[in-house]
Structures are given as C-alpha cells and as structure tokens.
Amino acid sequence: MGPGKETAQNPMKKNRTLGIIIAFGLLQPLISTADDLFRLSWRGTVYTTGANGQVSARSMSERDFVNRVASDNGLDPRTLVFVYRADKHDTAVVFAATGGFVADVIQMEYQFTEVSNTTQTKKVRQAFLFDESHNGALGSAFGTETAKRDTNGNLISLSFKGTFQYSIPENSAVYSGTFSTSGRVKDVSGG
C-alpha cells in the first residue's frame, strides 16, 4: 500500500474506529427513550368531616390532579393530561401535545405483588400507593393489566383497570374509586 492509504491493518484507522465507538457509547446515555403513556381515568369519592361535624362526600377525578399540578407549576390545565406510565408503574401529569413530563402523582412501583400468564400479556396486580409527599404507603390499588406487544416487544396497546383506596392523613381525607386507561399519549418530548 502506498503512503497515506489506510487499511484495516493501519493503526490510525483502528484508533479512529475505536474513537467513534467510544464516542457513541458516551452519547448513548444522553439518548432517551420515549415513555409508554396512556390516558388514565381516576374517578371516585373523597370523604372528609364537614364543618357540621358530619362525614361529607364529594366526587373527585383525575382533573383534580391535573388542576393541582397546573396551579403548582403556573401552567394551563387545558394543556395537561393525567397518564399511566406503563413501564414505570406510576402515574404522572404530562403535556397532552408532547407527552413531556410535568410531575409525578402516584407511584405503584415500589411494593406490589403481580401474577401473570406465561406470555406476560395479562397481569393482575395489587400495589401499595405512594406519593412524593409521604414516606409511607397511602393505600393500595388492585387492577388487571392486558398488554399487546409487537414481535420486538414494543408495547402496542394497554388496558389497565381496577380500584383504589387511600388516605391523605394530614387532610383527614379518605379516597375510594376506580381507574382505567384509555388512548395512548404519544411521547415526542425527547426526555
């Protein structure tokens, strides 16, 4: 080979190839993967003691979470949606248009028991519920999750339905109700 030509035998080419591989490896953690997000209906009743000393009940929904997060972050609640993050086993408020994360709401991933079929397409889960403001479990949820995946294991669709019950002790409030997922929220936020 003449001068200046690089071959597989040439150490300069090996060093450049190795440098590219190392650079790609260092960039890999910066490349984020999209979350699998599904709209989550969270409907129920909150029980408290009224001003008259009697137990009072009022309806609550996922919009209560969205409105609180919007208020806490100076955002328009019409731009936000409450979702179930399937791979994380938790709930969050995200931007409806991009799936961009705004705030965690309730986590179900720390303590749970799950049984599933051999193909992992149907799971029954009992989980303790946590939030960012409390050290201990607030209550629990029971649900059935049915998933469809493609041949590469990517989640195509998901149905997660069940019941919840929890309390917020400092508010003397007890919550009870049902939840269910609906359509996917596409995460194009890049983070």
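Bear in mind these aren't lab numbers, they're just calculated from the coordinates by the rules spelled out. Predicted, not measured: the structure shown is a model, and the values here were computed from it. Ideal geometry is used to build each Cβ from the backbone, glycine not excepted, and the neighbour counts take in all protein chains shown.
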* Structure fact -> The answer for R149, listing residues at least 5 apart or on another chain whose modeled amide H is closer than 5 Å to its amide H, is I156
* Asked: For the stretch 133-191, taking Cα atoms only, what is the radius of gyration to one decimal and the Dmax to the nearest whole Å?
  -> 16.0, 48
* What order, most packed first, do the peptides 122-134, 80-92, 142-154 have when packing is the mean number of other Cβ atoms within 10 Å of each residue? -> 80-92, 122-134, 142-154
* To do: Could you please rank I106, I156, placing first whichever residue has the fewest other Cβ atoms within 10 Å of its Cβ?
  => I156, I106
* To do: Check cross-link reach from K161 to the aspartates and glutamates: straight Cα distance under 19 Å, and skip same-chain residues fewer than eight apart.
  => D36, E62, D87, D90, E109, E114, E145
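In debye, nearest 20: dipole of the stretch 35-184 around its Cα centre with unit charges on the Cβ of K, R (+) and D, E (-)? Intermediate values should be presented prior to the final figure.
Working: 15 positive and 16 negative charges, 122 e Å.
Here the size comes out at about 580 debye.
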* **Where labels lie 7 Å past Cα in the beta-carbon direction, separation of D131 and T178 in nm** => 2.3
* Where a label projected 7 Å from the Cα of T118 along Cα→Cβ would reach, residues of the stretch 139-163 with amide N under 14 Å -> none
* log₁₀ I(q)/I(0) of the stretch 35-184 at q = 0.09 Å⁻¹, via Debye over equal Cα point scatterers, no solvent, to two decimals? -> -0.30
* Asked: Across 10 Å bins from 0, what is the distribution of all Cα-Cα pair distances for the stretch 69-110, in whole percents?
  -> 31, 53, 16, 0
